[in-house]
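Here the structure comes first, spelled out in structure tokens, and everything after it is commentary.
The values are calculated or read from the model by the stated rules, or taken from the named source; none is laboratory data. Nothing here was measured: the structure is a model prediction, and the numbers come from that model. Cβ: placed from backbone, ideal geometry, glycine included. Neighbour counts: every protein chain shown.
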Amino acid sequence: MVREVSESCMDSLLTEIVSSYCNRFYANKPELAARRIEAIGYQVGHQLSERYTMERPRFSDHLEAIKFICKDFWSELFKKQIDNLKTNHRGTFVLQDNKFRWLSRMSGDPSMEISGASQDPSAISENKAAQATGMHLYFPCGIIRGALSTLGIPCAVSADISNLPACSFVVRIKV
Amino acid sequence: MIVCIAVVGHQNNPLYIQSFTEADDALKLHHIVHCSLDVVDERVNNPKKSGPMINETFLGLLYPTENYKVYGYLTNTKVKFILVTTDLDVRDADVRNFFRRFHSAYLDAVSNPFHVPGKKITSKTFAERVSTIVKSVSFNTAG
């Protein structure tokens with residue numbers, strides 16, 4: 001039996017997690033809300049990587065583990081692979097997804113905030129939209145960090161929105 | 001007959017250990033499991049250059065003692081499974097198959113949202129499933 005997850009349910013759940021933590025539990029402390037959302041993602045990533053690596057041989061180096069995240073892990077989660085992987089060969093990897101599924105339904109374009117003058121009200125609302133979008137990326141960041149930590153690679157993950165729905169995740173491996 | 005099965009975490013912390021025999025005291029089996037951890041480390045750090053199975057999860061026979069054979073398995077997530085058996089004539093394929101079934105039982109146990117990662121596995125369902133697997137397996141080709 002193939003188990004499936006409804007995509008719209010997943011989208012709604014993520015939106016609801018973010019809005020609960022940002023507007024109800026930690027309304028005045030966005031950093032704390034971000035940390036909690038990231039922690040939920042961490043546990044999800046931890047358990048998923050445990051499952052998805054069952055049938056494969058052990059990874060010999062970091063690059064192989066990152067490739068696994070880009071290909072198999074991403075395909076299991078989002079039915080597509082990471083579009084672009086860059087590295088400086090010193091422990092920093094940039095994973096770029098040109099159409100990140102959890103941002104594809106998001107409206108508002110955060111790249112506008114740079115071009116708009118900072119004084120007019122539309123620019124402020126754009127800035128808010130960018131913040132809200134950023135909040136939705138703590139969960140996938142946590143998933144990546146959880147998956148890599150479980151594979152024995154402690155790291156820090158941050159996300160970067162260039163122009164919706166593309167986004168990139170920056171993985172810094174701790175040495 | 002399988003006399004003991006253990007799950008050991010990535011910092012060599014015991015996650016689950018269960019013996020299936022009345023004859024030997026549990027402490028002796030725990031000791032055997034403990035000793036095998038060094039062999040696992042040795043296998044992982046100095047892999048044999050021969051063969052394509054260099055990073056395989058199944059580590060094979062770790063070491064034989066007078067009465068027992070000890071087998072090991074290391075997952076991608078650095079969790080070790082140790083199996084102690086009294087059977088002398090064991091086929092690798094059978095052990096491999098056992099570990100595969102044990103691994104999926106373990107996966108289901110740690111995927112429980114109430115399980116705290118890195119803590120001992122206390123799930124009754126897991127214990128039952130493990131004893132079912134252990135009972136259903138007999139390695140001896142003779143019977």
With respect to residue A:51, is the statement that it is in a loop (DSSP other than H, G, I, E, B), surrounded by 13 or more Cβ atoms within 10 Å (Cβ to Cβ) and either within 14 Å of chain B (Cβ to nearest Cβ) or at pLDDT 90 or above (or both) true? no
Residue check, residue B:117 against (1) over 18 Å from residue A:52 (Cβ atoms); (2) touching a His at 6+ places or on another chain (Cβ under 7 Å), all met but one. Which one? (1)
Any residue at all in segment B:92-110 that's assigned to a loop (DSSP other than H, G, I, E, B), away from chain A (no Cβ under 11 Å) and loosely packed, with under 12 Cβ neighbours inside 10 Å? no
Can you find a residue that is surrounded by 20 or more Cβ atoms within 10 Å (Cβ to Cβ) and in contact with a Phe, Trp or Tyr (Cβ under 9 Å, 6 or more places away or on another chain) anywhere in segment B:41-55? no
Taking only segment B:119-143 into account, find how many residues are surrounded by 12 or more Cβ atoms within 10 Å (Cβ to Cβ) and either touching a residue at least 24 places away in the same chain (Cβ under 8 Å) or in contact with an Asp or Glu (Cβ under 8 Å, 6 or more places away or on another chain) (or both). 13
Qualifying positions in segment B:111-139 - more than 27 Å from residue B:88 (Cβ to Cβ), in a helix (DSSP H, G or I) and among the small types (Gly, Ala, Ser): B:127
Return the residue satisfying two criteria in turn: it lies in segment A:1-48 and is surrounded by fewer than 11 Cβ atoms within 10 Å (Cβ to Cβ) and outside any helix (DSSP H, G or I), and of such residues it is nearest to the other protein chains (Cβ to nearest Cβ). A:3
So, in segment B:114-126, how many residues would count as being facing chain A (nearest Cβ under 10 Å) and in contact with a helix residue (DSSP H, G or I) (Cβ under 8 Å, 6 or more places away or on another chain)? 2
Can you confirm whether residue B:23 is in a helix (DSSP H, G or I) and either free of Cβ contacts under 8 Å to residues at least 40 places away in the same chain or among the small types (Gly, Ala, Ser) (or both)? no
Considering only residues that are within 14 Å of chain A (Cβ to nearest Cβ) and not in a loop (DSSP other than H, G, I, E, B), look in segment B:69-83 and name the one that is surrounded by the most Cβ atoms within 10 Å (Cβ to Cβ). B:72
Within segment A:65-85, can one find any residue that is loosely packed, with under 13 Cβ neighbours inside 10 Å, modelled with pLDDT of 85 or more and assigned to a loop (DSSP other than H, G, I, E, B)? yes
Going by the conditions given, is residue B:86 more than 12 Å from chain A (Cβ to nearest Cβ) and more than 10 Å from the chain's Cα centre (by Cα)? yes
